[in-house]
1. So ALA76 ticks every box in (1) closer than 16 Å to VAL41 by Cα; (2) in contact with a Ser or Thr (Cβ under 6 Å, 6 or more places away or on another chain); (3) not β-branched (Val, Ile, Thr) but one. Which box is left unticked?
2. Check whether at least one residue in the range 67-81 is surrounded by fewer than 16 Cβ atoms within 10 Å (Cβ to Cβ) and touching a helix residue (DSSP H, G or I) at 6+ places or on another chain (Cβ under 6 Å), and report yes or no.
3. Condition check: more than 18 Å from the chain's Cα centre (by Cα), modelled with pLDDT under 95 and among the basic types (Lys, Arg). Does ARG67 satisfy that?
4. Select from the range 112-133 the residues that are surrounded by 13 or more Cβ atoms within 10 Å (Cβ to Cβ) and polar (S, T, N, Q) and list them in ascending order.
5. What's the number of the only condition in (1) modelled with pLDDT of 90 or more; (2) closer than 21 Å to LYS57 by Cβ; (3) hydrophobic (A, V, I, L, M, F, W, C) that VAL125 fails to meet?
6. Condition first: basic (Lys, Arg) and under 17 Å from the mean Cα position of the chain (by Cα). Now tell me which residues in the range 80-132 satisfy that.
7. Mind listing whichever residues of the range 13-55 are surrounded by fewer than 17 Cβ atoms within 10 Å (Cβ to Cβ), in a loop (DSSP other than H, G, I, E, B) and over 13 Å from the mean Cα position of the chain (by Cα)?
8. Taking the range 85-111 only, how many residues are farther than 14 Å from ASP59 by Cα, surrounded by 13 or more Cβ atoms within 10 Å (Cβ to Cβ) and either of a type in the set (Val, Ile, Thr) or touching a residue at least 24 places away in the same chain (Cβ under 8 Å) (or both)?
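The values are calculated or read from the model by the stated rules, or taken from the named source; none is laboratory data. Nothing here was measured: the structure is a model prediction, and the numbers come from that model. All Cβ positions, glycine included, derive from the backbone under ideal geometry; neighbour counts span all protein chains shown.
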Amino acid sequence: MSIPPDSVQAVSSGEPSGSLHNRIAAFLAAHTTLTLATVGVDGAPAAAAVFYAHDSKLDLYFLSEERTEHGRNLLADARIAGTIHADGQDWRGIRGVQVRGRARRAAGTELARAAAVYGRRFSFVAASLAGSGSPGVLAGPLARARFWVLQPTWFRLIDNTVRFGFKEEWVLNERE
């Protein structure tokens, strides 16, 4: 079900106003967990909670093993949907971000960036990276996990503290 256009405050295509970008970035910085929705080869939906870190372009980086259900799903179909929000909110104070995009295993310079961004946010991962002896490779209990990058194609920022049902959307240009 789509939301009627008159209930959305602003829809930006391409580069949003600096304030929308900054509000999304601030929200991402204030939270750590993304509910990642994927679809299996059989068409069955799946969702998993993953810790994430983001960069200035609002790309999201997360760790997961390829053998997880969402890892297998992403290898077959890179499309994702997701939500980020705080738990236990009163409906009048609901704030959250919805996102759609594509996710893939990080490789090359993207892997180095993922490791740096994620390691800055999560010190236990930085320690695991340092212990492995190889850039972007984790040691210890995280050794089988791999870095993934989620490139958003759409964001919806929801903020009932502005008014009930307040939403702003940003449709990003396709990126390489």
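1. With (1) closer than 16 Å to VAL41 by Cα; (2) in contact with a Ser or Thr (Cβ under 6 Å, 6 or more places away or on another chain); (3) not β-branched (Val, Ile, Thr) applied to ALA76, the lone miss is (2).
2. No, the conditions are met nowhere in the range 67-81.
3. Numbers: more than 18 Å from the chain's Cα centre (by Cα): yes; modelled with pLDDT under 95: yes; among the basic types (Lys, Arg): yes.
Spelling it out, ARG67 is indeed more than 18 Å from the chain's Cα centre (by Cα), modelled with pLDDT under 95 and among the basic types (Lys, Arg).
4. Looking only at the range 112-133, we keep the residues that are surrounded by 13 or more Cβ atoms within 10 Å (Cβ to Cβ), and these are 112-119, 121-122, 125-129, 131-132.
SER128, SER132, listed by residue number.
5. Exception for VAL125: condition (1).
6. Taking the range 80-132 first, the residues basic (Lys, Arg) are 92, 95, 100, 102, 104-105, 113, 120-121.
Hits for the range 80-132 are ARG95, ARG100, ARG102, ARG104, ARG105, ARG113, ARG120, ARG121.
7. GLY14, GLU15, SER17, GLY40, VAL41, ASP42, GLY43, ALA44
8. Total satisfying the criteria: 5.
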